[in-house]
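Participant: The structure under discussion is supplied below as C-alpha cells; questions concerning it will follow.
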Amino acid sequence: MRFAKYHGTGNDFVLVEDLDGQLSLDPSVIAGLCDRRFGVGADGLIRVVRGSGGLDEAGDADFFMDYYNANGEVAEMCGNGIRCLAKFVFDRRLTSGHDLRVATRAGLKQLKLEVRDGSVERVTVDMGPPSFERKAIGMVGEPTDTFIGQPLEVGGRTFTAMAVSMGNPHCVLFVDPAEDLRALDVPGLGSIVENRDDLFSNRTNVEFVRPVDRLLDTRVWERGSGETFACGTGACAALVAASVAGFVGREATVRFPGGILDLVWRPDDHVHMTGPAVCVFDGEVDEAWLATAARGPAR
C-alpha cells in the first residue's frame, strides 16, 4: 500500500490515495501506521477519496477527507490535515485548481491554495462558524445551554474554561500570561479533561491558551491522539474563546510548539485559518507488516 507523510505546523499525517473509495482500513491498521515506533508515525490518517465520499450533504465536493485519529477512531475534522490534503492532491496533479471544496464529517469546507513556483506553500480554510451550544459540543446538560467563562477544576488547580465546537469538541483553558506554558503538565491535565464523562459525552480536545497581546500561545491535547505539535480546529477554538473572553479581537496569531497559524473570525461568523502544508516523504507499506497489523498490536 502506497502512502505519503505530510505535516502542517508539526501536526503530521499518513495520507492514502483511494480516489474510488475501494479501500477499507481496519482501526488496528490505522493505529499501527500511526505508531511512532512500530509504524510510520503520525497524529492521524487521511484517506483521500474523489467527490463527496458518499456524504449526501456534501454536494459537489472535489474530495472527501476520511480522517482518523492516531488510535484508529473516526474523527469529524482536522484543520491541519485538510491543508495537507490540499497540497497532496495538488502535488499529485489530481487537481490544478487553487480553490477546492472538501467534504468532511463536519461539513463541506472551502479551501484556497497559495501556490508559488508550482508548489503549494500555504492554504486558507474556511472552517465555518463556531458553536457554543452543549448539543453541538457533545456536552452533558441542557442542549442549548453554554459553557463560557466557567471555572473548571483540573488536577488540583482551577482554570477559566470555555467549550466550543468547530465541528468537533474543544475545551479551552486559559493560562495566566505570567505562567510558563512549557512547564505545564499538558498530558496529565489534558487527559483528565478529555475523559470527563460528567461533562463530555464523547470526550473532547483540550487547548491550554496563554494570551499575550494578539498572540495566543497554545498547547493542545487531542482526543484520541494525545499531545500534538499543533491543531487546526484547536487554533480556531482558541481564537474564538479568547475573543469572547476579551483577550483579543477577532484576528490573532496562534503559536503552537510546531509553528504558527493565522486566524480571522469574520463578520459572517466563519473562522478562516491560514497555515503551511509540507510533504515529508512517500513510501510503501510492506504487505507482511500490513497483515500483522490487521491482527492487532503484538509487542
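Participant: So for the chain, taking the charge dipole from beta-carbon charges (+1 Lys/Arg, -1 Asp/Glu), which of Pro129, Met65, Thr9 sits furthest toward the positive end?
Facilitator: It is Thr9, whose Cα lies furthest towards the positive end.
Participant: Here is a further query. Tell me whether segment 93-195 comes out rounded, prolate or oblate; compute the Cα gyration tensor, take square roots of the eigenvalues as a ≥ b ≥ c, and use a/c under 1.5 as the rounded threshold. If you can, show how the numbers build up before the last one.
Facilitator: Numbers: a/c = 3.13, a/b = 1.69, b/c = 1.85.
Oblate.
Participant: In the neighborhood of Ala241, defined by Cβ-to-Cβ distances under 13 Å, what is the net charge if each Lys or Arg adds +1 and each Asp or Glu adds -1?
Facilitator: Numbers: positive: Arg210, Arg250; negative: Glu207.
So the environment of Ala241 carries a net charge of +1.
Participant: Using unit Cβ charges (K, R positive; D, E negative) and no other charged atoms, how large, in debye to the nearest 20, is the dipole of segment 74-211 about its Cα centre?
Facilitator: Numbers: 17 positive and 19 negative charges, 144 e Å.
Using Cβ point charges on Lys, Arg, Asp and Glu, segment 74-211 gives about 700 debye.
Participant: Among Gly118, Leu189, Leu100, pick out the residue whose Cα is farthest towards the positive end of the charge dipole of the chain, where Lys and Arg carry +1 and Asp and Glu carry -1 on C-beta, about the Cα centre.
Facilitator: About the Cα centre, the residue reaching furthest to the positive side is Gly118.
Participant: Still on this model: Report the calculated FRET efficiency for Asp180 and Arg214 (r = Cβ-Cβ distance, R0 = 22 Å), to the nearest 0.05. Walk me through the numbers before you get to the answer.
Facilitator: Numbers: r = 20 Å, r/R0 = 0.92.
With a Förster radius of 22 Å, E is 0.60.
Participant: Rounded to whole Hz and in sequence order, give me ³J(HN,Hα) for segment 126-136 from the Karplus expression 6.51 cos²θ - 1.76 cosθ + 1.60, θ = phi - 60°, writing x for Gly and Pro.
Facilitator: Rounded to whole hertz, the list is 7, 7, x, x, x, 9, 10, 6, 4, 5, 6.
Participant: Whole-Hz Karplus ³J(HN,Hα) for segment 270-286, in order, using 6.51 cos²θ - 1.76 cosθ + 1.60 and θ = phi - 60°, x for Gly and Pro?
Facilitator: 7, 9, 10, 10, 10, x, x, 9, 9, 8, 9, 6, 9, x, 9, 7, 5
Participant: Now, a different point. May I ask for the net charge around Glu284, where only other residues with Cβ less than 13 Å from the Cβ of Glu284 are counted and Lys, Arg are +1 while Asp, Glu are -1?
Facilitator: Every neighbour counted, the sum reads -2.
Participant: Taking the Cβ of Ala4 as the centre, find all other residues whose Cβ is under 13 Å away and add up their charges (Lys, Arg: +1; Asp, Glu: -1).
Facilitator: Working: positive: Arg2, Lys5, Arg47, Lys87, Arg92; negative: Asp12, Glu17, Asp18, Asp91, Asp282, Glu284.
Net local charge, Ala4 excluded: -1.
Participant: What is the distance, in nm, between label points placed 7 Å from the Cα along the Cα-to-Cβ direction at Asp26 and at Lys135?
Facilitator: So the two model labels end up 3.9 nm from each other.
Participant: Projected onto the charge dipole of the chain (+1 at Lys/Arg Cβ, -1 at Asp/Glu Cβ, origin at the Cα centre), which of Val271, Gly249, Phe90 gives the Cα projection farthest towards the positive end?
Facilitator: Phe90
Participant: Further, regarding this structure: Rounded to the nearest 5, what % of the DSSP beta bridges within the chain are antiparallel ones? Please report the intermediate quantities before stating the final value.
Facilitator: Numbers: 71 of 86 bridges.
If we restrict to bridges inside the chain, about 85 percent are antiparallel.
Participant: Could you give me D for the chain, from Stokes-Einstein at 25 °C and 0.890 mPa s, where the hydrodynamic radius is the Kirkwood radius over C-alpha pairs? Units µm² s⁻¹, please. Numbers along the way, then the final one.
Facilitator: On the way: Rh = 19.3 Å.
It comes out at roughly 127 µm²/s.
Participant: Top mean-square fluctuation among Gly118, Gly53, Gly39, Gaussian network model of the chain, C-alpha springs under 10 Å?
Facilitator: Sorting by GNM fluctuation, first place goes to Gly118.
Participant: May I pose another question? Around Glu227, which amide H atoms from residues at least 5 apart in sequence, or from another chain, sit under 5 Å from its own amide H, with H modelled in the peptide plane?
Facilitator: The answer is Glu222.
Each reported figure results from applying straightforward, stated rules to the coordinates on display, with no laboratory input. Keep in mind that what you see is a predicted model, and the values were worked out from it rather than measured. Neighbour counts are summed over all protein chains in view; Cβ atoms, including those assigned to glycine, are modelled from backbone coordinates with ideal geometry.
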